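The values are calculated or read from the model by the stated rules, or taken from the named source; none is laboratory data. The structure displayed is predicted, hence computed values, not measured ones. Positions of Cβ are backbone-derived with ideal geometry, glycine not excepted, and every protein chain shown enters the neighbour counts.
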Amino acid sequence: MRRLCRAALTAAILAAAGGPAHASLMLCNRTSYVLYAATATLDPHAAEVRGWTRIVPGDCAVARPEGLTKSTYLVHARSSIAHAGPARAWGGKWLLCVREGDFTLKQPSSGATCLGDGSFPVGFAAIDNKGRPSWSMTLDEPEPLATMQAAQLAGVKRLLKDNGYKIGSINGEPDTATGASLADFRKKFAPQADNAQLFDILEERARQHVTPSGLTACNDGAVPLLVALGQIGHGKRSSRGWWTVVPRACARLQTVPLANDVLYVLAQTRDGVTVMGGSETFCITTAVFEIQGARDRCAARGYGEAGFLRVDARGSVGAVLHLGAAIKPPGRAAAR
């Protein structure tokens with residue numbers, strides 16, 4: 001515990017004293033969540049969006065390594081899917097398109113029209129870098145933690161809790177329960193890990209342990225998958241897609257608790273091979289879609305149709321689907 005706190009304090013002092021050594025945009029995480037951030041540049045006619053930059057609690061990361069010369073910079077951040085409970089997001093009024101996985105998107109600056117490429121709109125907040133070529137921005141919780149050191153300890157506590165361990169309150173103060181839990185976790189899973197490696201291991205194991213609220217699809221295969229969701233609730237049918245889920249990543253298809261609605265999922269490779277599907281037909285299109293209405297009038301309404309697999313969540317608050325473990329990249333022979 002002391003080693004963790006000393007390293008966090010040193011990192012906080014260095015960040016406050018000098019900032020980045022080269023012209024860049026630095027994002028600092030003074031929250032108890034592992035964050036993934038997307039940034040955008042905005043000119044009168046175009047926006048360029050990049051993501052995702054991972055920032056662990058109590059640390060900083062370079063989101064844009066180049067000098068800041070554009071008229072406007074924007075940021076959106078979201079909590080890691082490894083965390084239990086509702087997803088958290090930091091953003092604002094500017095709607096721009098993002099994708100899952102590493103990406104760079106160029107789009108009009110007038111608003112988000114996310115069509116056919118697996119992208120979806122999220123809200124970005126403006127960064128006032130005061131015209132300087134280098135800038136550091138700190139992301140806080142609604143009730144801010146006092147220091148970067150406190151954020152690092154609170155982040156460890158949250159991830160230990162996500163892994164099923166007993167802790168004290170999620171704050172920046174040491175406590176006996178957290179100390180014992182951290183010692184046990186290190187002994188079992190990270191005996192030689194430094195602080196950065198500890199966060200990596202805590203997050204990865206929490207991702208395997210936590211079932212978030214809503215419905216999440218994780219791609220365990222080696223090629224990107226396109227995923228669509230069908231719903232039947234309160235006598236109404238709807239279908240929407242596509243989420244692009246890159247290998248070894250996840251996408252949240254529904255963020256609210258599952259309740260009693262019946263859910264159906266379709267997953268395909270980009271060349272149309274079905275990885276997950278079933279007998280319940282819903283309307284679809286080749287572009288991003290959201291379609292309301294009956295299944296027997298797809299063709300008459302100009303849509304295609306496909307069979308979706310029913311997801312039996314058994315009344316759970318959340319469920320995770322694992323897709324595509326047996327799908328290999330094109331041109332790669334399967335192991336014998």
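Identify the single condition in (1) in contact with a Pro (Cβ under 8 Å, 6 or more places away or on another chain); (2) part of a strand (DSSP E or B); (3) not aromatic (Phe, Trp, Tyr) that Val49 does not satisfy, given that it satisfies every other one.
(1)
Look at segment 197-221 and say how many of its residues are surrounded by 19 or more Cβ atoms within 10 Å (Cβ to Cβ), in contact with a Phe, Trp or Tyr (Cβ under 8 Å, 6 or more places away or on another chain) and either in a helix (DSSP H, G or I) or at pLDDT below 75 (or both).
2
Do we have Asn163 as within 21 Å of the chain's Cα centre (by Cα), assigned by TED's automatic domain parsing to the domain that holds Val288 and crowded, with 16+ Cβ neighbours inside 10 Å here?
no
Quick grid of which residues meet (1) touching a residue at least 24 places away in the same chain (Cβ under 8 Å); (2) among the hydrophobic types (A, V, I, L, M, F, W, C):
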residue: Leu160; (1), (2): yes, yes
residue: Ile167; (1), (2): no, yes
residue: Glu173; (1), (2): no, no
residue: Asp184; (1), (2): no, no
residue: Ala196; (1), (2): yes, yes
residue: Leu202; (1), (2): yes, yes
residue: Gly214; (1), (2): yes, no
residue: Val223; (1), (2): yes, yes
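If Gly307 meets every condition in (1) modelled with pLDDT of 90 or more; (2) buried (at least 17 other Cβ atoms within 10 Å of the Cβ) apart from one, which number is that one?
All conditions are met except number (2).
Counting just the residues of segment 41-85 that are closer than 18 Å to Arg132 by Cβ and among the small types (Gly, Ala, Ser), which one comes out modelled with the lowest pLDDT?
So the residue we want is Ser71.
Based on what the data block shows, is Ala180 among the small types (Gly, Ala, Ser), outside the structural domain of Gln254 (by TED's automatic domain parsing), at pLDDT 95 or above and over 30 Å from Cys298 (Cα atoms)?
It is true that Ala180 is among the small types (Gly, Ala, Ser), outside the structural domain of Gln254 (by TED's automatic domain parsing), at pLDDT 95 or above and over 30 Å from Cys298 (Cα atoms).
With the structure loaded, tell me whether Ala146 is of a type in the set (A, V, I, L, M, F, W, C), more than 28 Å from Ala249 (Cβ to Cβ) and in a loop (DSSP other than H, G, I, E, B) or whether it fails that test.
For Ala146, the condition - of a type in the set (A, V, I, L, M, F, W, C), more than 28 Å from Ala249 (Cβ to Cβ) and in a loop (DSSP other than H, G, I, E, B) - is met.
Would a scan of segment 20-33 turn up a residue that is out of contact with any Asp or Glu (no Cβ under 8 Å at 6 or more places or on another chain), in a helix (DSSP H, G or I), at pLDDT below 95 and within 14 Å of Met137 (Cα to Cα)?
No, segment 20-33 has no match at all.
Checking Asp102 against (1) at pLDDT 85 or above; (2) under 21 Å from Leu225 (Cβ atoms); (3) in contact with an Asp or Glu (Cβ under 9 Å, 6 or more places away or on another chain), only one condition comes out false. Which one?
(3)
Working carefully through the options Gly85, Gly155, Gly101, find the one that is crowded, with 21+ Cβ neighbours inside 10 Å and under 27 Å from Val320 (Cβ atoms).
Going through Gly85, Gly155, Gly101 in turn, the sole match is Gly155.
Yes or no: Phe124 among the aromatic types (Phe, Trp, Tyr) and in a strand (DSSP E or B)?
For Phe124, the condition - among the aromatic types (Phe, Trp, Tyr) and in a strand (DSSP E or B) - is met.
Could we say that Glu48 is touching a Ser or Thr at 6+ places or on another chain (Cβ under 6 Å) and in contact (Cβ under 8 Å) with a residue 40 or more places away in the chain here?
Spelling it out, Glu48 is indeed touching a Ser or Thr at 6+ places or on another chain (Cβ under 6 Å) and in contact (Cβ under 8 Å) with a residue 40 or more places away in the chain.
Does segment 293-313 hold any residues that are outside any loop (DSSP other than H, G, I, E, B), of a type outside the set (A, V, I, L, M, F, W, C) and over 11 Å from Gly230 (Cβ atoms), and which are they?
Listed by number, the residues that qualify are Asp296, Arg297, Arg301, Gly304.
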